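Visitor: Have a look at the structure that comes next, please.
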Amino acid sequence: MSAIAGVSRRGFLSGLASVLGLGAEGGEMTTKQSSMRRLTVTSSKPFQDVVTAFEAAVGHPNLTEFMTQLNGAKTYAEMESVVQAAVSKAGFMQFARFDLGAVIRKENGQDQP
């Protein structure tokens, strides 16, 4: 049995069902299991060089424009065309970017966490 932050999977799903108002009183919740792959890169290059190279291999569309075009697509072929125009030659596209240290910096009033 897997655990998330010390909570069993069954406990987590039960708690989620409760928060969503599902379970015994009403509603139904299904789960789907997905397989993931993790890629580990070991390099003698400096970390920033590796990050820069990876970022260069990822498409960075204007997401406002991308969503407007995606929502305007009338067919699957049109939608596929919008997506293909946004991905890089390597087939990657950035959907979102979060600065996880921003909250800490704001709390501490520092330029760096």
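Visitor: If you scan the range 87-104, which residues turn out to be modelled with pLDDT of 80 or more and either among the hydroxyl-bearing types (Ser, Thr, Tyr) or in a loop (DSSP other than H, G, I, E, B) (or both)?
Guide: Val87, Ser88, Lys89, Ala90, Gly91, Gln94, Phe95, Ala96, Arg97, Phe98, Asp99, Gly101
Visitor: Can Val83 be described as in contact with a Phe, Trp or Tyr (Cβ under 9 Å, 6 or more places away or on another chain) and modelled with pLDDT of 90 or more?
Guide: Answer is yes for this residue.
Visitor: Of everything in the range 63-86, what is part of a loop (DSSP other than H, G, I, E, B) and touching a helix residue (DSSP H, G or I) at 6+ places or on another chain (Cβ under 9 Å)? Give them in sequence order.
Guide: Once the filter is applied, which keeps residues that are part of a loop (DSSP other than H, G, I, E, B) and touching a helix residue (DSSP H, G or I) at 6+ places or on another chain (Cβ under 9 Å), the range 63-86 yields only Ala73.
The values are calculated or read from the model by the stated rules, or taken from the named source; none is laboratory data. Note that this is a predicted model, so its numbers are computed, not measured. Cβ coordinates were reconstructed from backbone atoms using ideal geometry, including for glycine residues, and neighbour counts include every protein chain displayed.
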